[in-house]
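Step one of this worksheet: look at the structure below.
The values are calculated or read from the model by the stated rules, or taken from the named source; none is laboratory data. The structure displayed is predicted, hence computed values, not measured ones. Neighbour counts are summed over all protein chains in view; Cβ atoms, including those assigned to glycine, are modelled from backbone coordinates with ideal geometry. Heads up: the accessible areas ignore ligands, DNA and RNA and are worked out on the full protein's heavy atoms, side chains in. Shrake-Rupley method; radii C 1.70, N 1.55, O 1.52, S 1.80 Å.
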Amino acid sequence: NFTITYHQSQSDAATNLNVIANPQAYVSTTATIFCRVEYLNNNTCFEITQFELIVNEFPVLQMQLTHVLCAGEVVTITADAGFDSYLWSTGETTPTIIIEEAGTYTLEVTKTSNGITCTATYTIEVLPSLPATIDHIETTDWTPDQNIISVILSQGGNYVFSLDNINYQTSPTFYGLLPGNYTVYIRNINGCEP
């Protein structure tokens with residue numbers, strides 16, 4: 001035989017104003033909530049009580065969620081420090097894991113604060129990065145100092161090209177070359193070995 005309403009201040013609870021309309025959907029930071037308990041159909045007899053609403057911070061990862069696995073290598077993924085527990089879809093429970101195969105992995109992190117454990121699950125993508133395959137090389141305009149080399153790949157992808165393995169360019173064509181032999185280096189933009 002009671003009506004219960006929730007309020008953000010004691011004065012609102014005393015006057016029964018500014019009722020929190022839907023307590024199940026109420027969103028707040030840590031706060032004191034005031035509860036007005038009154039006899040059904042009688043706003044003159046009521047009591048006010050209060051309780052602390054404690055809202056913990058959601059465990060947020062600041063780490064990169066997409067990684068590239070170069071051919072023949074492994075990738076080390078390290079989650080942010082400061083969580084109470086880590087659980088990878090591989091079964092490992094450390095902040096750092098070594099991945100040998102491309103795929104989708106999940107990481108569940110937990111953080112306990114104020115006696116409450118909050119959990120968050122993140123998806124980490126490990127993408128394969130294949131080395132470039134040269135279909136053929138075209139050379140044109142053989143002149144004393146304005147020769148051209150164009151590299152034609154057999155597959156698409158995001159690659160950069162170099163003649164000295166130091167200075168890379170996005171274009172597969174090199175201009176203004178002197179006659180001679182050249183080695184073409186191709187590296188994907190993910191930093192894998194050329």
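The table for this structure:
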read-out	value
Tabulated pairs, region 49-64, first more than 22 Å from T121 (Cβ to Cβ), second outside any strand (DSSP E or B) and among the hydroxyl-bearing types (S, T, Y), C-beta under 9 angstrom, 6+ apart or interchain	E52/T30; L53/Y26; L53/S28; L53/T29; L53/T30; I54/T30
Count of residues meeting criterion [under 23 Å from the mean Cα position of the chain (by Cα) and not aliphatic (A, V, I, L, M)] in region 34-79	12
Cβ pairs under 6 Å, 6+ apart, first in region 170-194 and farther than 22 Å from P128 by Cβ, second polar (S, T, N, Q) and open to solvent by less than 80 Å² (accessible area, probe 1.4 Å)	T173/S150; L177/N147
Strands (runs of 3 or more DSSP E) contained in region 32-98 and holding at least 2 residues out of contact with any His (no Cβ under 7 Å at 6 or more places or on another chain) and open to solvent by less than 40 Å² (accessible area, probe 1.4 Å)	66-70, 85-88
Matching residues, region 133-181, being in a strand (DSSP E or B) and β-branched (V, I, T)	I134, I137, T139, T140, I148, I149, V151, I152, V160, T173
Any chance E73 is within 19 Å of I189 (Cα to Cα), out of contact with any Ser or Thr (no Cβ under 7 Å at 6 or more places or on another chain) and of a type in the set (D, E)	yes
Test: residue in region 100-114 that is more than 24 Å from the chain's Cα centre (by Cα) and not in a strand (DSSP E or B)	yes
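So that you can scan it fast, the table gives a plain yes or no per residue for (1) among the aromatic types (F, W, Y); (2) under 27 Å from N190 (Cα atoms); (3) touching a strand residue (DSSP E or B) at 6+ places or on another chain (Cβ under 9 Å); (4) modelled with pLDDT under 90:
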{"position": "T93", "(1), (2), (3), (4)": "no, no, yes, no"}
{"position": "E101", "(1), (2), (3), (4)": "no, yes, yes, no"}
{"position": "T117", "(1), (2), (3), (4)": "no, no, yes, no"}
{"position": "V126", "(1), (2), (3), (4)": "no, yes, yes, no"}
{"position": "S129", "(1), (2), (3), (4)": "no, yes, yes, yes"}
